[in-house]
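Engineer: Here it is, the structure, as structure tokens.
The values are calculated or read from the model by the stated rules, or taken from the named source; none is laboratory data. Just so we're clear, the structure is a prediction, and the values are computed from it rather than from any experiment. Cβ coordinates were reconstructed from backbone atoms using ideal geometry, including for glycine residues, and neighbour counts include every protein chain displayed. When the accessible area is computed, the model is the full protein with side chains, heavy atoms only, and any ligands, DNA or RNA have been set aside. Shrake-Rupley method; radii C 1.70, N 1.55, O 1.52, S 1.80 Å.
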Amino acid sequence: MRRMWLMGCLLLMSLTARSQNLDSLVRKAMLSPHRGPHDTILVAGIVVGHDTLPYIGLPEVVIVADMPRRLRKRLEEWTRLRNAVYVTYPYARAAARILREAETQLAAMPDKKSRKAYIKQKEAELRATFGPQIENLSVYQGRILIKLIYRETGTSCYDIIKELKGGFSARFWQTIAFFFGSNLKSTYDTQEDRDIEAIVQEIQHNPYYRYY
């Protein structure tokens, strides 16, 4: 028993001396005036058994497989829709604001002639302000804008035109929209149009997006 205890003490002293010698060699190498830039490289270490091994963490590598065709198509559709909503939502907001102002002004006008002159004036202002941007919208973006106007006003574009310009104008523009694959009578439902609604909610909670 005594012999084992002595052997343990000797082993411990040997390991301590070895560790001190290694530390001394490292310090000596670091302080050597002849040390080159690649003589000593300090890295993290890990103890495995009785060995101390260098430990270097490698950056994470993400391997992504080809996206399935169905998922890729869905992503393309979502990206196209998101872009269209981001582009057209400011116009829908502006249309709702202008419509509320027009309704207030028209309600205070006594005769049809004054109302007609006011509508003509506002139409000219809208063409000057939004005409070039609206004309540059694609047919797909136009369809999204029609839905968003209904969302913001609670009224279809067809009914808005009919109220302000008359039934003939509404039917005329509905015919034009039909030839371009659109429908001025389109409504908006938060369930059926949940993808559009999700993007609108994203816009409204985005502090860096100015849609007024």
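Engineer: With label points built 7 Å along Cα→Cβ from the Cα atoms of Tyr55 and Ala128, find their separation and express it in nm.
Structural biologist: Between Tyr55 and Ala128, the label points sit 7.3 nm apart.
Engineer: What list of ³J(HN,Hα) couplings, whole Hz, do you get for the stretch 168-184 from phi and the Karplus terms 6.51, -1.76, 1.60, once you set θ to phi - 60° and write x for glycine and proline?
Structural biologist: 5, 4, 5, 5, 4, 6, 5, 5, 4, 4, 4, 5, 9, x, 10, 9, 5
Engineer: For the pair Glu76 and Phe178, what calculated FRET efficiency results from E = 1/(1 + (r/R0)^6), where r is the Cβ-Cβ distance and R0 = 35 Å, to the nearest 0.05?
Structural biologist: Calculated transfer efficiency: 0.85.
Engineer: Okay, moving on. When Lys and Arg each count +1 and Asp and Glu each count -1, what net charge do the other residues less than 12 Å away from Tyr158, Cβ to Cβ, add up to?
Structural biologist: Computed value for this residue: +2.
Engineer: If you take every residue apart from Gln121 with its C-beta less than 14 Å away from the C-beta of Gln121, what net charge results, scoring Lys and Arg +1 and Asp and Glu -1?
Structural biologist: Net local charge, Gln121 excluded: +4.
Engineer: Mind listing the phi-derived Karplus ³J(HN,Hα) values for the stretch 104-118, rounded to whole Hz, using 6.51, -1.76 and 1.60 with θ = phi - 60°, and x for any glycine or proline?
Structural biologist: 5, 5, 5, 5, 8, 8, x, 10, 5, 5, 5, 5, 5, 5, 5
Engineer: Given R₀ = 35 Å, what would the calculated FRET efficiency be for Met67 paired with Ile46, taking r from the Cβ atoms and rounding to 0.05?
Structural biologist: Given R0 = 35 Å and the Cβ-Cβ separation, E is 0.35.
Engineer: Can I ask one more? Roughly how many whole Å is it from the C-alpha centroid of the stretch 149-212 to that of the stretch 106-135?
Structural biologist: 19
Engineer: If you don't mind, there's one more thing I want to ask. With label points built 7 Å along Cα→Cβ from the Cα atoms of Glu135 and Ala198, find their separation and express it in nm.
Structural biologist: Each label point lies 7 Å from its Cα, and together they span 3.7 nm.
Engineer: Skip the ligands, DNA and RNA, and give the accessible area per residue of the stretch 69-179 with a 1.4 Å probe, whole Å².
Structural biologist: Using a 1.4 Å probe on heavy atoms only, each residue of the stretch 69-179 averages 68 Å².
Engineer: Any idea what log10 I(q)/I(0) is at q = 0.15, 0.18, 0.22 Å⁻¹ for the stretch 62-178, Debye with uniform C-alpha scatterers and no solvent?
Structural biologist: Values, matching the q order: -0.76, -1.02, -1.38.
Engineer: So which chymotrypsin sites (Phe, Trp or Tyr not before Pro) in the stretch 155-184 end up in coil per DSSP with only 16 or fewer other C-beta atoms within 10 Å?
Structural biologist: Of the chymotrypsin sites (Phe, Trp or Tyr not before Pro), the ones in loops of the stretch 155-184 whose Cβ has at most 16 other Cβ atoms within 10 Å are Phe180.
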